[in-house]
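Undergrad: Please find one structure pasted underneath; my questions will follow.
The values are calculated or read from the model by the stated rules, or taken from the named source; none is laboratory data. In this text, all values refer to a predicted model and were calculated from it rather than measured experimentally. Counting neighbours? That spans all protein chains shown, and the Cβs are built from the backbone with ideal geometry, glycine included. For the accessible areas, the whole protein counts, side chains as well, though only heavy atoms, and no ligand, DNA or RNA atoms are used. Shrake-Rupley method; radii C 1.70, N 1.55, O 1.52, S 1.80 Å.
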Amino acid sequence: MFTLPHLKPIKPYKSIALLTSGGDSPGMNPAIRGIVRAALNSGIENVYGIQRGYSGLIAGDIQKLSSRSVTNIVQRGGTMLKSARCLEFKDSTIRAKAAKILHEKGIEALIVIGGDGSMTGAHLLTEETGIPVIGLPGTIDNDIPGSDDTIGFDTAVNTALEAIDKIRDTALSHERLFLVEVMGRNSGFIATQVGIACGAELVVVPEYEFDLHDLCVALAEQRASGQGSSGIIVIAEGKDPGLTSRIAYQLEEQGQDPKICILGHIQRGGSPSGHDRMLASCLGASAVQYLLAGYNDIMVGLRQGAVIDIPLRRVISEKKTLDQNIFDITTLLHK
């Protein structure tokens, strides 16, 4: 369970809007539901959903939502509001246009669900136009500063684990080594948690170097002892395309016969886990309470089980680092 803030409402908003932006993540729909129902039950008369993120905002694709609009979405993956990446929103004139559209619709505040790029857009919008904004961390990567957890991370980890458990059956049956690539261009949070939970022989992440030679020696010894050389290596995709293929080639040069399995966007989809449904619902409802209490230019996140507010300026200027001690466990537990 989470500890929620006790906030006193002081701002009587009549109309607010929400959008989902950037890559989709399981749990965005429960967050939408949490925002809409909490707002309507707290006296906000009108709640609007913006289609396709900031792209839909500047196109004026805005629809009124009711409590019934968000019925039976809590179990659905993706986002009912659709999502998109909007490079145009980096332009201040486009942000001014977006603010004008919100004013014309009578919308007084905006709640944004997304990753670091989405939080940057939200911060610049309120800084330049004065429209109050609240952010929610919606990304499977769990790389948003200030929050211990992000909406969708738990589901993505469990999706990857389910796939790897099935891959391991084949790895053991054929005494083969599998390289499983998970998402994470700039961060190894998914790879690390998945690697520990699945008992991987090696975890490769962008943050830390890895010693492929030691692995090859261990695999050679395993094969020489008659145990075969089966196992799982979990690899975060990294910034440079083809990392997993390059590692496979190096292993082949050392006499191994690795197989590659790239999980890809399967990690983004699927029904959100119970944890993500709870997290998203609590953060969505809390975002409304923070808004009514007069907060602005913040992200609502989670720290040590408590829902907290983090200034958006901090969110977009800092970097969330992978805990070295947690990553070291991947080494302590391998064969």
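Undergrad: Going by the structure shown, is residue 199 at pLDDT below 95 and more than 17 Å from the chain's Cα centre (by Cα)? Break it down stepwise before answering.
TA: Values: at pLDDT below 95: yes; more than 17 Å from the chain's Cα centre (by Cα): yes.
For residue 199, the condition - at pLDDT below 95 and more than 17 Å from the chain's Cα centre (by Cα) - is met.
Undergrad: For the list (1) hydrophobic (A, V, I, L, M, F, W, C); (2) under 17 Å from residue 300 (Cα atoms); (3) surrounded by fewer than 13 Cβ atoms within 10 Å (Cβ to Cβ), I need the number of the one condition that residue 28 fails.
TA: (3)
Undergrad: Answer yes or no: is there a residue in the range 178-197 that is in a helix (DSSP H, G or I) and of a type in the set (D, E, K, R).
TA: no
Undergrad: Inspect the range 271-288 for any residue being under 18 Å from the mean Cα position of the chain (by Cα), open to solvent by 20 Å² or more (accessible area, probe 1.4 Å) and within 27 Å of residue 204 (Cα to Cα) and give the result as yes or no.
TA: Within the range 271-288, one or more residues are under 18 Å from the mean Cα position of the chain (by Cα), open to solvent by 20 Å² or more (accessible area, probe 1.4 Å) and within 27 Å of residue 204 (Cα to Cα).
Undergrad: Name the residues in the range 306-333 that are farther than 27 Å from residue 132 by Cβ and either under 17 Å from the mean Cα position of the chain (by Cα) or surrounded by fewer than 17 Cβ atoms within 10 Å (Cβ to Cβ) (or both), would you?
TA: Looking only at the range 306-333, we keep the residues that are farther than 27 Å from residue 132 by Cβ, and these are 321-333.
Residues satisfying the conditions are 321, 322, 323, 324, 325, 326, 328, 329, 331, 332, 333.
Undergrad: When the residues of the range 122-167 are filtered to those that are acidic (Asp, Glu) and out of contact with any helix residue (DSSP H, G or I) (no Cβ under 8 Å at 6 or more places or on another chain), which remaining residue is farthest from residue 302 (Cα to Cα)?
TA: Going through the qualifying residues, I end up with 162.
Undergrad: Need the failing condition index for residue 238 against (1) without any contact (Cβ under 8 Å) to a residue 60 or more places away in the chain; (2) in contact with a Leu (Cβ under 8 Å, 6 or more places away or on another chain); (3) in a loop (DSSP other than H, G, I, E, B), just the number.
TA: For residue 238, the failing item is (2).
Undergrad: So, in the range 1-25, how many residues would count as being assigned to a loop (DSSP other than H, G, I, E, B) and either over 21 Å from the mean Cα position of the chain (by Cα) or surrounded by fewer than 24 Cβ atoms within 10 Å (Cβ to Cβ) (or both)?
TA: Summing the residues that are assigned to a loop (DSSP other than H, G, I, E, B) and either over 21 Å from the mean Cα position of the chain (by Cα) or surrounded by fewer than 24 Cβ atoms within 10 Å (Cβ to Cβ) (or both) in the range 1-25 gives 15.
Undergrad: May I pose another question? Checking residue 273 against (1) hydroxyl-bearing (Ser, Thr, Tyr); (2) in contact (Cβ under 8 Å) with a residue 60 or more places away in the chain; (3) out of contact with any helix residue (DSSP H, G or I) (no Cβ under 8 Å at 6 or more places or on another chain), which test does it fail?
TA: (3)
Undergrad: Looking at the range 73-85 only, could you name the residues that are surrounded by fewer than 23 Cβ atoms within 10 Å (Cβ to Cβ) and either small (Gly, Ala, Ser) or closer than 15 Å to residue 57 by Cβ (or both)?
TA: 77, 78, 82, 84, 85
Undergrad: Continuing with the same structure: Mind telling me which of the residues 136, 125 ends up being part of a strand (DSSP E or B), within 28 Å of residue 65 (Cβ to Cβ) and open to solvent by less than 30 Å² (accessible area, probe 1.4 Å)?
TA: 136
Undergrad: Here is a list: 295, 249. Which entry is aromatic (Phe, Trp, Tyr), closer than 19 Å to residue 36 by Cα and open to solvent by 60 Å² or more (accessible area, probe 1.4 Å)?
TA: Answer to the check: 295.
Undergrad: Run down 41, 29 and say which single residue is under 24 Å from the mean Cα position of the chain (by Cα), of a type in the set (S, T, N, Q), within 20 Å of residue 282 (Cβ to Cβ) and at pLDDT 95 or above. Lay out the reasoning, then the answer.
TA: Numbers: 41 fails: under 24 Å from the mean Cα position of the chain (by Cα).
One residue alone meets the criteria, 29.
Undergrad: Could you tell me which of the residues 164, 131, 113 is in contact (Cβ under 8 Å) with a residue 24 or more places away in the chain and within 19 Å of residue 84 (Cα to Cα)?
TA: Values: 164 fails: within 19 Å of residue 84 (Cα to Cα); 131 fails: within 19 Å of residue 84 (Cα to Cα).
On inspection, the qualifying residue turns out to be 113.
Undergrad: Continuing with this model, one more query. Look at the range 76-110 and say how many of its residues are within 28 Å of residue 45 (Cβ to Cβ) and part of a helix (DSSP H, G or I).
TA: So the count comes out to 11.
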